[in-house]
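Asker: Quick one: this structure, given as structure tokens, is what I'll be asking you about.
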Amino acid sequence: ILNEIEQLPADALFGIKQRYGQDDRATKVDLGIGAYRDNTGKPWVLPAVRAAEEKIHADVATYNHEYLPITGLPSLTKGAAKVLFGEELVAKHSDRIVTVQSISGTGALHIAAKFLSKFFSSKKIYLSDPTWANHKAIFEAQGLATSTYPYWNAASKSLRFQEFLQTIETAPEGSVFVLHACAHNPTGLDPTEEQWAELIDTIGKYDHIALFDSAYQGFASGSLSKDAYAVRLGMQKLALASPILVCQSFAKNVGMYGERVGCFHIVLPNQSEETTAVVRPAVQSQLAKIVRSEVSNPPAYGAKIVGTILADDVLTNQWYDDMITMSSRIQKMRVRLRDALVELKTPGNWDHIVEQCGMFSFTGLSPEMVKRLEEEHAVYMVGSGRASIAGLNEGNVEYVAKAIDEVVRH
Ligand code: PLP
Ligand code: TYF
């Protein structure tokens, strides 16, 4: 009875990782999956994480493997809201922020999709063109219809801002716009603050719902609060008549990749206290039901690590420093790669590598060039030309530049 089941192609990103693992050439470089690597190419356990782990293990009250509450570890959910919205907005509007712990950013998106499909099934979900491949799959798996908004202009390597605005203006009223909060994946290109203001005003004007996907907070500028600019503006300007939804991942900015730590937040519309007092527990109970029926309780270990960091000022400050360590090393590698390509006189302009932000550069290399980089130089990146800059280091950046130079010329 399983004979008719169709075999699906392997996941493209994890396929890169697999081919890289099997490659036995002496010099090889992995610029595939967006995961931070240190200057020796190794995964990096943040000093703030090590300190939090020591604290957890030393404390008999936290060192156990008991179940968490269904909606998550309170130190995580409360701390996570502050990271995203800032102390001030949280203090002012705490009654309007509903947060549940999620299985990292993917799980937060899944909860969002379930919630939308249950209560707003007719709404169309607008995704950026291009976007993280999983977005479409997550929303469509819940039976939601997706569409796209123009984002990346490949010819000019810039934002298709006017077309983006026009799509917001012509979408059916009350549509859902999925916005990358910062450090857009895969392009590394974010709207400017002025552009964000206009986008958000227009979303509000047409009563659309903004869903912010925050998977790289801290990687765009090095500052967690600066990188929350769009989310905070959205909260102030949009959460008036409509709710805003935020999906938050700690995979990259705390290095919790495999531990699956994240949160899903709904900011309730700004209504009377009496209304909020009724809406809040209703929404909370529905989110708890989604979590309960799928994972019963969220995973504890990574949540304790992030919760411990966020509940301790010393560890929080250490985390801010760690964030600078990661983002500044990536920025330095952007400059080194661009400079090396300029020095080699590689045909083309390479300034976009420095101007883009976050973990990725949308290099502009063609699929054929990417293929040759892998086959002939053991340099692995996504077929779209997306390179994870975190995979570069002092030891391999010159090699990568020479490899790019060769495939561009021949
Ligand atoms: N959203 C975007 C744009 C991403 O790039 C990612 C992963 O890299 C995620 C969400 C979710 O990742 P995770 O489930 O590992 O938190
Ligand atoms: O775009 C990237 O490189 C990462 C890869 O569950 C990824 O988002 C893919 C699947 C997943 C988490 C991360």
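Asker: Quick one: how many residues across the stretch 331-386 are touching a Lys or Arg at 6+ places or on another chain (Cβ under 6 Å) and under 22 Å from Ala181 (Cα atoms)?
Answerer: Qualifying residue count for the region: 5.
Asker: Additional query: Determine whether the stretch 107-123 contains at least one residue that is within 16 Å of ligand 2 (Cβ to nearest atom), of a type in the set (Val, Ile, Thr) and farther than 12 Å from Leu211 by Cβ.
Answerer: no
Asker: OK, next. Looking only at the stretch 248-273, filter to residues that are aliphatic (A, V, I, L, M) and more than 16 Å from ligand 1 (Cβ to nearest atom); which one of those is farthest from Leu179 (Cα to Cα)?
Answerer: Of everything passing the filter in the stretch 248-273, Leu268 is farthest from Leu179 (Cα to Cα).
Asker: Could I ask something else about it? Inspect all residues belonging to the stretch 370-390 and state whether any of them is hydroxyl-bearing (Ser, Thr, Tyr), part of a loop (DSSP other than H, G, I, E, B) and either outside the structural domain of Ala133 (by TED's automatic domain parsing) or more than 18 Å from Gly188 (Cβ to Cβ) (or both).
Answerer: yes
Asker: Look at Ser175 and say whether it is within 15 Å of ligand 1 (Cβ to nearest atom), more than 24 Å from Gly302 (Cα to Cα), in contact (Cβ under 8 Å) with a residue 24 or more places away in the chain and of a type outside the set (Asp, Glu).
Answerer: No; evaluated as a whole, the condition is false for this residue.
Asker: Mind telling me which of the residues Asp11, Asp38 ends up being more than 30 Å from Leu238 (Cβ to Cβ), within 16 Å of ligand 1 (Cβ to nearest atom), exposed (fewer than 15 other Cβ atoms within 10 Å of the Cβ) and among the acidic types (Asp, Glu)?
Answerer: Numbers: Asp38 fails: within 16 Å of ligand 1 (Cβ to nearest atom).
Result: Asp11 is the single residue among Asp11, Asp38 that is more than 30 Å from Leu238 (Cβ to Cβ), within 16 Å of ligand 1 (Cβ to nearest atom), exposed (fewer than 15 other Cβ atoms within 10 Å of the Cβ) and among the acidic types (Asp, Glu).
Asker: Which one of these is surrounded by fewer than 24 Cβ atoms within 10 Å (Cβ to Cβ) and either of a type in the set (Val, Ile, Thr) or assigned by TED's automatic domain parsing to the domain that holds Arg280 (or both): Tyr216, Tyr229?
Answerer: Among Tyr216, Tyr229, only Tyr229 is surrounded by fewer than 24 Cβ atoms within 10 Å (Cβ to Cβ) and either of a type in the set (Val, Ile, Thr) or assigned by TED's automatic domain parsing to the domain that holds Arg280 (or both).
Asker: When you look at Glu54, is it in a helix (DSSP H, G or I) and loosely packed, with under 12 Cβ neighbours inside 10 Å, yes or no?
Answerer: For Glu54, the condition - in a helix (DSSP H, G or I) and loosely packed, with under 12 Cβ neighbours inside 10 Å - is met.
Asker: So Thr276 ticks every box in (1) within 17 Å of Ala183 (Cβ to Cβ); (2) more than 16 Å from ligand 1 (Cβ to nearest atom) but one. Which box is left unticked?
Answerer: The number of the failed condition is (1).
Asker: Let me ask another. Restrict the check to the stretch 280-288 and report whether at least one residue is of a type in the set (S, T, N, Q) and over 26 Å from Leu179 (Cβ atoms). Give the derivation first.
Answerer: The initial filter retains those residues of the stretch 280-288 that are of a type in the set (S, T, N, Q), namely 284-286.
From what's left, over 26 Å from Leu179 (Cβ atoms): 285.
The answer is yes, given that some residue of the stretch 280-288 is of a type in the set (S, T, N, Q) and over 26 Å from Leu179 (Cβ atoms).
Asker: Next question. Identify all residues within the stretch 197-211 that are hydrophobic (A, V, I, L, M, F, W, C) and surrounded by fewer than 19 Cβ atoms within 10 Å (Cβ to Cβ); write none if there are none.
Answerer: Correct list: Ala197 only.
Asker: If you take the residues of the stretch 210-247 that are touching a Ser or Thr at 6+ places or on another chain (Cβ under 7 Å) and among the aliphatic types (A, V, I, L, M), which of them is farthest from ligand 1 (Cβ to nearest atom)?
Answerer: Checking each candidate, the answer is Val231.
Asker: How about the stretch 125-135: which of its residues are buried (at least 17 other Cβ atoms within 10 Å of the Cβ) and either more than 13 Å from ligand 2 (Cβ to nearest atom) or not assigned by TED's automatic domain parsing to the domain that holds Pro186 (or both)?
Answerer: Correct list: Ile125, Tyr126, Leu127, Ser128.
Asker: Here is a list: Ile330, Ile389, Ile309, Ile353. Which entry is free of Cβ contacts under 8 Å to residues at least 40 places away in the same chain and either in contact with a helix residue (DSSP H, G or I) (Cβ under 8 Å, 6 or more places away or on another chain) or within 16 Å of ligand 1 (Cβ to nearest atom) (or both)?
Answerer: Answer to the check: Ile353.
Asker: When you go through Ser75, Ser117, Ser104 one by one, which is the residue that is within 16 Å of ligand 1 (Cβ to nearest atom), in contact (Cβ under 8 Å) with a residue 12 or more places away in the chain and of a type outside the set (Val, Ile, Thr)?
Answerer: Ser104 is the lone residue from the list that is within 16 Å of ligand 1 (Cβ to nearest atom), in contact (Cβ under 8 Å) with a residue 12 or more places away in the chain and of a type outside the set (Val, Ile, Thr).
Asker: Next up: Does Val29 fit the bill of being surrounded by 14 or more Cβ atoms within 10 Å (Cβ to Cβ), within 16 Å of ligand 1 (Cβ to nearest atom) and either over 18 Å from the mean Cα position of the chain (by Cα) or at positive phi (or both)?
Answerer: no
Asker: Right, another one. Of the numbered conditions (1) more than 20 Å from Leu233 (Cβ to Cβ); (2) away from ligand 2 (no atom under 16 Å from the Cβ); (3) of a type in the set (Gly, Ala, Ser), Ala81 fails exactly one; give the number of that condition.
Answerer: Of (1) more than 20 Å from Leu233 (Cβ to Cβ); (2) away from ligand 2 (no atom under 16 Å from the Cβ); (3) of a type in the set (Gly, Ala, Ser), only one is false for Ala81: (1).
Asker: Please count how many residues of the stretch 165-182 are modelled with pLDDT of 95 or more and either surrounded by fewer than 22 Cβ atoms within 10 Å (Cβ to Cβ) or touching a Lys or Arg at 6+ places or on another chain (Cβ under 9 Å) (or both).
Answerer: To start, the set of residues in the stretch 165-182 that are modelled with pLDDT of 95 or more comprises 165-172, 175-182.
Now narrow it down to the ones that are either surrounded by fewer than 22 Cβ atoms within 10 Å (Cβ to Cβ) or touching a Lys or Arg at 6+ places or on another chain (Cβ under 9 Å) (or both): 165-172, 175-176, 182.
Counting residues in the stretch 165-182 that are modelled with pLDDT of 95 or more and either surrounded by fewer than 22 Cβ atoms within 10 Å (Cβ to Cβ) or touching a Lys or Arg at 6+ places or on another chain (Cβ under 9 Å) (or both) gives 11.
The values are calculated or read from the model by the stated rules, or taken from the named source; none is laboratory data. If you're wondering where the values come from, they're calculated on a predicted model, not measured in any experiment. Cβ: placed from backbone, ideal geometry, glycine included. Neighbour counts: every protein chain shown.
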